[in-house]
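The values are calculated or read from the model by the stated rules, or taken from the named source; none is laboratory data. Keep in mind that what you see is a predicted model, and the values were worked out from it rather than measured. Neighbour counts are summed over all protein chains in view; Cβ atoms, including those assigned to glycine, are modelled from backbone coordinates with ideal geometry. To get the accessible areas, we keep the full protein, side chains included, count just its heavy atoms, and leave off ligands, DNA and RNA. Shrake-Rupley method; radii C 1.70, N 1.55, O 1.52, S 1.80 Å.
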Amino acid sequence: MSVLEILTIPDKRLKNKSSEVKLFDQKLKKTVDDMFDTLNDSGNGIGLAANQIGINKRVCVVNVKEPIVLVNPKIVETSKEQFIFPEGC
């Protein structure tokens, strides 16, 4: 497992469109494991998207109370309610 570099603004790679995941294979499992290592090492976030480490796949990891992996997530409903928090990871 590895801690990877987290891309930050103004890195142009953050604007690349991510592609749909069609196969969750061993390579993607390793990427997810590396994403959790990177997130945990950052010390300032609860989630990390694959594009933040330069991988243009629709995958993100979240660690609030327990680790969660989201593959091909879609926003299906929104709320008018807003919360403002400082940016983490």
Item to complete: Looking for whichever is among the polar types (S, T, N, Q) and farther than 21 Å from Asp11 by Cα here; the options are Asn40, Asn56. Which one fits?
Response: Asn40
Worksheet item: Condition test on Asn51, is it within 24 Å of Phe85 (Cβ to Cβ), touching a residue at least 24 places away in the same chain (Cβ under 8 Å) and not charged (D, E, K, R)?
Response: yes
Practice prompt. Could you grab the pairs with beta carbons closer than 9 Å, sequence gap of 6+ or different chains, first residue in region 55-83 and more than 14 Å from Val32 (Cβ to Cβ) and of a type in the set (A, V, I, L, M, F, W, C), second one in a loop (DSSP other than H, G, I, E, B) and open to solvent by 80 Å² or more (accessible area, probe 1.4 Å)?
Written response: Val64/Ile46
